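Notes for the one structure printed next.
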Amino acid sequence: MIIKPRTRGFICTTAHPQGCAAQVRQQIDYVRKQPAIQGPRNALVIGASAGYGLAARIAAAFGASANTIGVYRPGERSGGRTASAGWYNSAAFETAAQEAGLKSFSLTGDAFTDETKARAVELIRKELGQVDLVIYSVATARRTNPRTGETSTSVLKPIGQSYTNKTVNFHDGEVSMVTLEPASEEEIQGTVDVMGGDDWQMWIDALREGGVLAPNATTISYSYIGPELTQAIYRQGSIGRAKDHLEATAKQLHEQLASGGGRAYVTVGKALVTQSSSAIPVVPLYISALYKVMKEKGIHEGCIEQMYRLFADRLYSPNANEVPVDEEGRIRIDDWEMREDVQREVAEIWGRIETSNIYELTDLEGYRREFFQLFGFETDDIDYEADVDPSVEVPNVSA
Ligand SMILES: NC(=O)c1ccc[n+]([C@@H]2O[C@H](COP(=O)([O-])OP(=O)(O)OC[C@H]3O[C@@H](n4cnc5c(N)ncnc54)[C@H](O)[C@@H]3O)[C@@H](O)[C@H]2O)c1
């Protein structure tokens with residue numbers, strides 16, 4: 001089959017197995033070139049097939065020689081379609097981990113169910129005994145709460161009043177104004193139910209009750225703060241409420257794990273091109289301006305650079321007895337994004353962006369390319385005219 005991208009807005013419904021595998025191998029190579037990390041021995045990564053979760057799994061496995069279990073949504077090939085990018089990414093990860101002599105397992109299913117948690121507990125008990133690192137990196141729009149049976153939807157909307165700003169169609173570079181109406185109370189609650197810390201707490205409870213969480217385990221999840229210009233849509237918006245809840249959950253978990261020497265943190269990450277961030281209005285345009293400035297300054301990072309730095313300089317730094325955190329107890333690896341000079345230059349660019357100068361003032365071309373690379377397209381040294389087999393097995397998958 002000759003596989004081409006098929007996009008609808010910020011969704012791409014096809015993925016290329018060889019391109020995805022090449023992207024994963026690049027991330028692995030990056031980590032292998034860095035100094036080794038005295039890190040976790042056995043890591044569970046929930047939301048492991050893309051973005052920050054995949055990069056954290058790679059950093060744990062190839063930076064610290066950890067055995068890993070990755071939990072993610074099923075995405076195998078069905079009918080005439082390709083498999084999902086997450087499926088191809090995971091196949092490449094599992095293959096490389098096994099070649100490196102690491103234990104590694106994929107568990108596919110809905111992370112939100114009790115059943116998936118019970119299967120993960122069983123798998124850990126059977127294969128690893130206990131895990132000493134749990135990464136929670138699920139990003140999605142819907143969740144059915146296993147206690148109430150209710151399904152909630154998350155929305156990306158401001159709170160209190162409508163919000164108008166510039167946005168871009170990253171396929172054709174057209175800049176326009178977008179106005180977003182405020183979220184209702186029900187929508188805010190739905191967003192907190194899906195993207196807040198409720199499910200993270202349920203995972204930690206299930207692992208503790210199952211006796212598979214090492215007493216001194218570390219657990220992390222991810223948050224975002226960002227600049228003034230995205231506050232209304234992000235941090236002060238419906239998703240920001242969910243992040244407030246997630247951050248409060250981290251504090252709660254930190255207290256619960258403290259007696260055994262365990263720890264829980266939220267890590268504030270940098271704005272990056274992922275499937276999730278491409279769905280947020282205004283943010284792709286901000287990322288394009290940010291990438292331009294950070295690349296020019298030589299401080300640009302992708303998911304893998306961020307996750308390696310999180311492990312090597314924060315969570316498992318040999319130079320610090322305690323993990324450096326901000327006044328809210330959060331780990332900050334958005335420090336370079338939030339630098340005063342970076343933000344000043346982004347704000348200056350922002351005021352001038354229009355359709356006619358977008359490619360000159362911002363790195364929209366880099367954004368667009370990275371978006372396609374998420375699905376294995378536009379990757380160097382791949383022949384996209386060649387016939388490829390879209391059926392790829394994930395070694396050691398439990399579905
Ligand atoms: N991308 C950014 O710019 C950015 C910045 C800071 C923080 N974050 C945060 O990082 C976290 C991860 O986001 P990302 O951008 O890496 O997302 P992503 O879309 O790249 O990855 C999401 C992962 O969640 C998994 N997933 C989704 N629903 C699931 C379900 N029901 N069951 C099992 N797995 C499921 C997917 O399979 C995938 O592995 C989120 O909390 C996000 O808010 C992202």
message = I'd like to check something: does segment 80-96 contain any residue that is farther than 20 Å from GLY19 by Cβ and within 15 Å of the ligand (Cβ to nearest atom)?
response = no
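Can you tell me which residue within segment 102-113, out of those that are among the hydroxyl-bearing types (Ser, Thr, Tyr) and touching a helix residue (DSSP H, G or I) at 6+ places or on another chain (Cβ under 6 Å), is farthest from the ligand (Cβ to nearest atom)?
Top of the filtered list is SER104.
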request  = Report the residue count in segment 195-212 for those that are closer than 29 Å to LEU156 by Cα and hydrophobic (A, V, I, L, M, F, W, C).
outcome  = 5
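Checking the structure you have, find out if any residue of segment 196-213 is under 27 Å from ARG369 (Cα atoms), crowded, with 18+ Cβ neighbours inside 10 Å and hydrophobic (A, V, I, L, M, F, W, C).
No, segment 196-213 has no match at all.
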remark   = Reported set for segment 250-285 where residues are within 18 Å of the chain's Cα centre (by Cα) and part of a helix (DSSP H, G or I) is ALA250, SER277, SER278, ALA279, VAL283, PRO284
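Is it the case, given these coordinates, that ALA66 is touching a Pro at 6+ places or on another chain (Cβ under 7 Å), surrounded by 24 or more Cβ atoms within 10 Å (Cβ to Cβ) and under 16 Å from VAL31 (Cα atoms)?
Working: touching a Pro at 6+ places or on another chain (Cβ under 7 Å): yes; surrounded by 24 or more Cβ atoms within 10 Å (Cβ to Cβ): yes; under 16 Å from VAL31 (Cα atoms): yes.
It is true that ALA66 is touching a Pro at 6+ places or on another chain (Cβ under 7 Å), surrounded by 24 or more Cβ atoms within 10 Å (Cβ to Cβ) and under 16 Å from VAL31 (Cα atoms).
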message = With closer than 25 Å to TYR30 by Cβ, among the hydrophobic types (A, V, I, L, M, F, W, C) and within 16 Å of the ligand (Cβ to nearest atom) as the only criterion, which of VAL273, VAL323 stands out?
response = VAL273
inquiry  = Being within 27 Å of the chain's Cα centre (by Cα), in a helix (DSSP H, G or I) and either modelled with pLDDT of 95 or more or under 19 Å from CYS12 (Cβ atoms) (or both) is the requirement here; does GLY366 meet it?
reply    = yes
key: segment 292-308 - residue that is within 12 Å of the ligand (Cβ to nearest atom) and part of a helix (DSSP H, G or I) and, of those, surrounded by the most Cβ atoms within 10 Å (Cβ to Cβ)   = MET307
inquiry  = Can you say whether ILE287 is surrounded by 22 or more Cβ atoms within 10 Å (Cβ to Cβ), within 22 Å of ARG142 (Cα to Cα) and either within 11 Å of the ligand (Cβ to nearest atom) or at pLDDT 95 or above (or both), as far as the supplied structure shows?
reply    = no
remark   = By residue number, the members of segment 114-139 that are surrounded by 15 or more Cβ atoms within 10 Å (Cβ to Cβ) and either within 15 Å of the ligand (Cβ to nearest atom) or over 25 Å from ALA55 (Cα atoms) (or both) are THR116, LYS117, ARG119, ALA120, LEU123, VAL134, ILE135, TYR136, SER137, VAL138, ALA139
query = Any residue in segment 341-362 that is in contact (Cβ under 8 Å) with a residue 40 or more places away in the chain and in contact with a His (Cβ under 9 Å, 6 or more places away or on another chain)?
reply = no
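Please return the ranges of strands (runs of 3 or more DSSP E) entirely within segment 145-194 where 1 or more residues are of a type in the set (D, E, K, R) and either without any contact (Cβ under 8 Å) to a residue 12 or more places away in the chain or within 16 Å of TYR234 (Cα to Cα) (or both). Give the derivation first.
Details: elements: 151-153, 163-169, 174-180.
In segment 145-194, the matching strands (runs of 3 or more DSSP E) lie at 163-169.
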key: Residue ranges of strands (runs of 3 or more DSSP E) in segment 21-127 with at least 2 members polar (S, T, N, Q)   = 67-72, 104-108
ask   = aliphatic (A, V, I, L, M) and within 15 Å of the ligand (Cβ to nearest atom) - does that describe any residue in segment 156-173?
value = yes
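In this structure, does THR219 turn out to be over 24 Å from GLN373 (Cα atoms), within 10 Å of the ligand (Cβ to nearest atom) and crowded, with 24+ Cβ neighbours inside 10 Å?
No.
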inquiry  = Quick check on ALA111: is it within 14 Å of MET202 (Cα to Cα), of a type in the set (Gly, Ala, Ser) and at pLDDT 95 or above?
reply    = yes
query = What are the residues in segment 227-246 that are within 12 Å of the ligand (Cβ to nearest atom), assigned to a loop (DSSP other than H, G, I, E, B) and crowded, with 22+ Cβ neighbours inside 10 Å, if any?
reply = TYR234
remark   = Of the listed residues (ALA96, ALA83, ALA91, ALA59), the one being touching a residue at least 12 places away in the same chain (Cβ under 8 Å), farther than 25 Å from GLY210 by Cβ and touching a Phe, Trp or Tyr at 6+ places or on another chain (Cβ under 7 Å) is ALA59
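The values are calculated or read from the model by the stated rules, or taken from the named source; none is laboratory data. Predicted model, so just to flag it, every value in this text is computed and none were measured. Note: ideal-geometry Cβ built from the backbone for every residue, glycine included; neighbour counts use all protein chains shown.
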